[in-house]
Amino acid sequence: MIECIFTIDYEIYGNGEGSLRELVYEPTKRLMAIFKKWDARFVVFVEAAELEKISEYHADNAIEDVRRQVRELYEQGYEIGLHLHPQWYNARYENGRWLLDYSEYNLCMLTRERIVWIVDRSIAHLRELLGADDFTPVSFRAGNWLFQPTQTAAAVLAKAGIKIDSSVFKGGLQRKHRLDYRPSLRNGYFWPFRNDVNVHDRKGLLIEIPIYTTMVPIWKMFTSKRIELQRRSYASSTDARSGISRYFDYMRFTYPKKFDYCRMTFDELVSMVDKVIEDDRKAPDVQRPLVAIGHTKDLFAVDVIDKFLSYLKKRNISVTTFNASYSRYPVCG
């Protein structure tokens, strides 16, 4: 059985640059209209720390519109997931610029006490945003997909009530941040884990439902659409050396191509799903969640998404959320 879970990272650029209205509010408004047309919902990974600090400093006039939009999404049945770039929590806003604390860039590298504080605070902020004191997100995605070393952060998240992580992209490698998801290539479409997000553990505290990827020849990553969006990303990078670091990550025969509906063409999206349909015909009893990723700051060609949702409907592939589909996955514990 195939089902598609659309997710979107609800955030501005990683160094704090960019307008909330242009990069978050308006793109999400357009995406909601498309999904409403098809009576579907997506998962909104709200960057809680970022929004809290922008509110605290009154750093963007659109913050109240964004806060209202998050509540509107929740009330209309979109899943609100937790997304965290912990460098925001010690951030200062000076002379029109954000000064972020990059010593806290990877949540998993912090002390247990600091991780607990950050997770508890971020969930409290989501509850305040939503006006729901009993709200606990079902799903989590780490900033820059950094969920290694896993053990401590996973235990903290599980204790806070989170059930699903979707930070992994199979085959992923970032040497600069010591991220290595290549071992997860041996796993299926989802798996329970505890001490290492790459390792299937039947006694796992959480379930990993990774961003769907396929390993492709490296040249297939260099489409005009991807190059333009990557150029924007590098222009707002926290470090001018990021592009050089990523160059070395690309130096291999095959590379993980994420199921990214902002960066892929319609033909690329269809080709990726068609291959899964072939596998499903051979083994229809296998649960195949396909997690698609997007970023509000990358969301320009909504016509592609509209066309792709039409394709999924014609293929009888359901569009769901983690919250709605969780009961179909094995219970961890």
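Quick note: the coordinates plus some simple rules give every number you see, no bench work behind them. Keep in mind it's a predicted model, so treat the numbers as computed, not measured. FYI the Cβ positions are ideal-geometry reconstructions off the backbone, even for glycines, and counts take in every protein chain you see.
Close amide H contacts of Val291 (hydrogens built in the peptide plane, cut-off under 5 Å, sequence separation of 5 or more or a different chain): Ile5, Tyr212. Residues whose amide H lies under 5 Å from that of Gly81, counting only those 5 or more places away or on a different chain, are Val44, Phe45, Val46; hydrogens are built 1.01 Å from N in the peptide plane.
When the Cα convex hull of segment 128-217 is projected onto planes of every orientation, the mean area is 6.9 nm². Basic side chains Lys and Arg get +1 at the Cβ, acidic Asp and Glu get -1 at the Cβ, and with that the dipole of the chain about its Cα centre reaches some 1100 debye.
Once the dipole of the chain is set up with Lys and Arg at +1 and Asp and Glu at -1 on Cβ about the Cα centre, which of Ile54, Ile123, Ile5 lies farthest towards its positive end? It is Ile5, whose Cα lies furthest towards the positive end. Placing unit charges on each Cβ (+1 for Lys and Arg, -1 for Asp and Glu) gives the chain a dipole about its Cα centre, and among Ala283, Ser167, Val270 the Cα reaching farthest toward its positive end belongs to Ala283. log10 I(q)/I(0), Debye, Cα-only segment 261-328, no solvent, q = 0.27 Å⁻¹? Log10 I(q)/I(0), no solvent term: -1.36. Karplus-based coupling profile of segment 138-154, in residue order and whole Hz: 7, 10, 9, 9, 6, x, 6, 6, 8, 10, 9, x, 8, 3, 5, 4, 4, with θ = phi - 60° in 6.51 cos²θ - 1.76 cosθ + 1.60 and x standing for Gly or Pro.
Each residue of segment 307-315 was assigned a 3J(HN,Hα) from its phi angle through the Karplus expression (A = 6.51, B = -1.76, C = 1.60, θ = phi - 60°), giving 5, 5, 4, 5, 4, 5, 5, 5, 8 Hz with x at Gly and Pro.
For the listed residue pairs Lys275/Lys314; Lys37/Lys314; Lys37/Lys307; Lys36/Lys313; Lys37/Lys163; Lys258/Lys307, the alpha carbons are over 21 angstrom apart in Lys37/Lys163.
Amide H contacts of Asn90 (H built 1.01 Å from N, in plane; Pro and chain starts excluded): Asp101 sit under 5 Å, all sequence-distant by 5 or more or on other chains. Summarising the strand pairing of the chain, around 30 percent of its internal DSSP beta bridges are antiparallel. Rg over Rh for segment 24-104 works out to 1.03, both radii taken from alpha-carbon positions and Rh defined as the Kirkwood radius.
With contributions of -39500 (n - 2.57) from each DSSP H run of at least four residues, the per-residue ellipticity at 222 nm computed over the chain stands at -11000 deg cm²/dmol.
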